[in-house]
Structure formats: C-alpha cells, structure tokens
Amino acid sequence: MAKNICKWYNVCPMKRFYEEGKIGKFWIEEYCFRGGKNCKRYEMEEKGISHPDNMLPDGTIDKALDNQ
C-alpha cells in the first residue's frame with residue numbers, strides 16, 4: 001500500500017497521540033496514511049466543523065485521551 005498522507009496529519013492530534021504511544025498504529029495506517037479516507041476528523045475539518053482532540057478517526061470519543 002502506497003502512503004497518501006492526510007494533508008492535516010502534521011497538525012492533527014492523532015499524530016501526537018501516536019508518537020506518544022497513546023493510540024495504536026492501526027489508526028494512523030487506516031486513516032492518516034490513506035489521505036484521510038473515511039476519517040470523520042478529516043471530513044469535519046474540511047467543513048470547518050469543530051471537533052474535540054480526543055475524537056478518533058472513526059468518530060468515537062476516547063475519554064482516555066482527555067486533557068492529553
């Protein structure tokens with residue numbers, strides 16, 4: 001699979017959470033390295049809709065990431 005890195009990746013909290021070991025590689029490979037395909041965060045960002053940092057790419061909220 002060729003990487004098509006999401007244009008928001010460098011400013012997305014998912015990048016930081018992954019680098020800090022707080023989320024697994026799955027999230028980055030399935031969403032961030034596929035250009036944001038099917039990523040709820042990407043969709044909301046493109047529409048200018050605010051969303052919490054602890055919202056995972058599938059749209060679920062991970063309370064464990066609160067105040068991270």
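Any chance the stretch 29-38 includes a residue that's among the acidic types (Asp, Glu) and closer than 21 Å to Ile5 by Cα? Lay out the reasoning, then the answer.
Of the residues in the stretch 29-38, the ones among the acidic types (Asp, Glu) are 29-30.
From what is left, the residues that are closer than 21 Å to Ile5 by Cα are 29-30.
Yes, the stretch 29-38 has at least one match.
When restricted to residues that are out of contact with any helix residue (DSSP H, G or I) (no Cβ under 8 Å at 6 or more places or on another chain) and either of a type outside the set (A, V, I, L, M) or assigned to a loop (DSSP other than H, G, I, E, B) (or both), the stretch 50-68 contains 6.
Read the figures in this text as sums done on the coordinates, not as results from a lab. Model, not experiment: these values are computed from the prediction. When we count neighbours, we look across all protein chains shown, and the Cβ atoms used for this are built from the backbone with ideal geometry, even at glycine.
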